[in-house]
Structure formats: C-alpha cells, structure tokens
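The values are calculated or read from the model by the stated rules, or taken from the named source; none is laboratory data. Because the structure is a prediction, the values reported are computed rather than measured. Note: ideal-geometry Cβ built from the backbone for every residue, glycine included; neighbour counts use all protein chains shown. In case anyone asks, the SASA skips ligands and DNA or RNA and just uses the protein heavy atoms, side chains included. Shrake-Rupley method; radii C 1.70, N 1.55, O 1.52, S 1.80 Å.
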Amino acid sequence: MLLKDYALYWYTNYRMPKQQRTTQICFLSTIKHHICDSALGEMELDSIRTKDIQLHLTECLLHGNRKKLKFVDLTGTPLSPKTVIRIRQILIAMFNQAVKEDILIKNYASDTEPLSLPWQDSPVFTPEAQRKFLQACRTHRFYTAYVLFFYLGCRRSELLGLSWSSVNFNRNVLTINQALLLENGELVLRERTKTRASIRTIPFPVEIKLLLQDWKIQQRAESRAAGYKNEFNLVFTNKDGSPHNPSYFSRNFKTMVKRLDFCDNRLHLHSTRHSWATNMMQCGISISDVQAIGGWARPDTLLNIYSHTVKASQRKAMKKLYKELQ
C-alpha cells in the first residue's frame, strides 16, 4: 500500500470523525498537498524509513513540496515551520496507527528531528488603548459587539453565533452553545462550539446588560423598518437580518485599528481575547476561573499562551512581599 493511500484511509477512519468541519478542511489540505502529493506519498508504506521522512520534512522546510514527475520537477515555495510541524505530527499519528494494525513494526516518523517554533508574544491592547479604541467606536454599528469581545473574552465564531435565546437578562448571563463559521465560502451555524469546554455560561455586569438591551431595541426597530426577519434570532446581524460574514467582521475591526494611531498595527480581532485573558490574570483572577469563562479545554494551554502575564504577576507578588517584609 502506498503512503498516500494509507494517509487518506487513516484520516477518514480515525481522525476526521472527531473533528469539526473547519479543522477537517485544514487537515485534508495538509495531507493531500504535502503528504499525498509528494515523492514520499508515492512510496510503499512498509518501505519508508526515518531518513525518508526526515528528507521530506527538510525539503518542505527549505524548498516547499517537491514532486519529481517523469519530465518535470515541481518545486513550491518553502513551507512555514508551523506547517512542517503539523506535517510531522500527522505522520507520527499515522505511523503509530500502522504499528497498531501490524502493518509496520516501528513508528519511523517518531524518530525524526523535531522542529521548534521561535517564541512570539501575541500583541495585546493596553488598558489605555482598549478604552480609546472603544471610545472611538462608540457610534459604530459593531460597538456593542466590540465591548463584548473585550470584556467577555469570546471567540469570533461564538459571539457572531450568539442567539438572543441564550441571553438571560434576569440573571445577567449568556450561554455560549453554538458558533457561526465560514466553511468553503458558506456561512454555517453550528449547534456546537469548538470543544466541550467551550460550552459555558458567562456572567456580565449591568453596564453590558444595558448595552445589550439598547442594541436589541435598535435591532427590532431596524427589522420593522426594513421588513426583514432575523431567521436565527442572532444577537449580531447585518441590517437585513442576515448573519455577519466572520471574515468581513474581522477586516472591519482591523480597519478600525489601522485608523487609530495609538494602536499597534499588529492587533487584530483575536487580540481582544488575548487582552481579556491578560487583564483577568493581572486583576488576580485564578487560572481555573479564566479557563472556565474563556472556554479553554486545558489550563496548560492557557499558561503556555499567557506565560508572560503570569511572569508579570509573579514580579508584582515579589515586590509586594519585599515591601511588606521591610
């Protein structure tokens, strides 16, 4: 059996059923373009050894996927380290399954040299930049949505998929239980979120309650004036009641960032989530509470992403200790 045939068999039967559609698209693209459509993919599975996989990974990193045909040598552009790491992870999982199925006696992919990514801090809004940004957007149609992004720490798909039926004004909480996604160019409302941990209830202060109530009144007035129906009862919609295109929403946010000279141009919509987590930790909120409210599946994921914030809080703790013991 060729590697390319086993790769599709493995993914279809073992990995794809566990993934959401957007993740499936990403994995299939990686497998088809960088494993199946390669010289390695044309090799017999049981003839592949560690050096063959290592050469493929190195080739991808330095030159991109190169597939030698009869008279043509097709060479792409170098792949990013992140993509090469994903290819290696897929191959390791795939070969591990081949060992379990007694097709191979050893997982040769696991003996390849791992690749490390250079550490890059995620840009965040400073508290001052956050206040100025929201002040500049106060008359913008997306203002209420922006406030929720900054103060509730939600993902884009979660807030754009939020239904009014999931907002409880009596208890001042909202429930994240569905997501609006863009799949193959089409908007899809999924009645489940990214992970089980993503399904959660988030409390909000009275100030946000008032904003949401005002927005609901404005949305109903638009509906009556234009004669449209909010088919999915979404909190945030276009003026005709249709769901927001997530890509357009992100571009609109980025455009606002670029207009404001006090904002770092690297900031984007997901930076609001980074900023929220950073501010929560700086306020002394426990890791477990930040994890639960933010919908992260594991606390170590949160710590890996925001280790710089933890270190900052550690410095504050040491300074406080020093002052108290003087």
Discussion item. Give me log10 I(q)/I(0) at q = 0.17, 0.18 Å⁻¹ for the stretch 4-50, Debye formula, one equal scatterer per alpha-carbon, no solvent.
Written reply: -0.50, -0.55
Discussion item. Quick check for you: with a 1.4 Å probe and neighbouring chains kept, what is the accessible area per residue of the chain, in Å²?
Written reply: 56 Å²
Worksheet entry | Nearest-ten-degree value, helix 206-226 long axis tilted from longest Cα axis of the chain | 90 degrees
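Given a Förster distance of 30 Å, report the FRET efficiency between residue 96 and residue 173 from their Cβ-Cβ distance, rounded to the nearest 0.05. It would help to have the intermediate numbers written out before the result.
Values: r = 43 Å, r/R0 = 1.42.
Between residue 96 and residue 173 the formula returns 0.10.
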Fill in: Of all accessible heavy-atom area on the chain, the percent that carbon and sulfur account for (1.4 Å)
53 percent
Item to complete: Consider the candidate values [x] 18.6; [y] 21.5; [z] 23.0; state which one is mean projected area of the Cα convex hull in nm² computed from the structure displayed.
Response: [z]
Discussion item. Going by average Cβ density within 10 Å per residue, which order do the peptides 268-275, 1-8, 23-30, 225-232 take, highest to lowest?
Written reply: 268-275, 1-8, 23-30, 225-232
Discussion item. How tilted is helix 271-282 with respect to the longest principal axis of the chain? Cα atoms for both, answer in degrees (0 to 90, nearest 10).
Written reply: 70 degrees
Worksheet, complete the sentence: Computed from the beta carbon distance with a Förster radius of 56 Å, FRET efficiency for residue 49 and residue 297 to the nearest 0.05 stands at 0.95
Discussion item. Could you tell me which residue out of 58, 232, 30 lies farthest along the dipole of the chain toward its positive end? Charges go on the beta carbon: Lys and Arg +1, Asp and Glu -1, centred on the Cα centre.
Written reply: 232
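Relative contact order of the chain, please, whole-number percent, based on alpha carbon pairs below 8 angstrom and at least 6 residues apart. Intermediate values should be presented prior to the final figure.
Working: 384 pairs, mean separation 45.9, N = 326.
Relative contact order comes out at 14 percent.
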Worksheet, complete the sentence: Taking Cα pairs closer than 8 Å and at least 6 residues apart, the relative contact order of the stretch 86-147 in percent is 19 percent
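Given the Cα-Cα distance of residue 221 and residue 186 and 0.36 nm per residue of separation, how much length would full extension add, in nm?
Details: separation 35, 0.36 × 35 = 12.60 nm, distance 2.79 nm.
Here the answer is 9.8 nm.
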Worksheet item: Which one of 213, 252, 105 is farthest out on the positive end of the charge dipole of the chain, using unit charges on Cβ (Lys, Arg +1; Asp, Glu -1) and the Cα centre as origin?
Response: 213
Fill in: Cα long-axis angle, helix 127-136 against the chain (0 to 90 degrees, to the nearest 10)
70 degrees
Worksheet item: How large is the dipole of the chain about the Cα centre if only Lys and Arg carry +1 and Asp and Glu carry -1, each at its Cβ, rounded to the nearest 20 debye?
Response: 1040 debye
Worksheet item: What are the aspartates and glutamates whose alpha-carbon lies under 15 Å from the alpha-carbon of residue 100, with same-chain residues fewer than 8 places away excluded?
Response: 46
Worksheet item: Which FRET efficiency value, to the nearest 0.05, is calculated for residue 264 and residue 12 with the Förster distance at 30 angstrom and r the Cβ-Cβ distance?
Response: 0.10
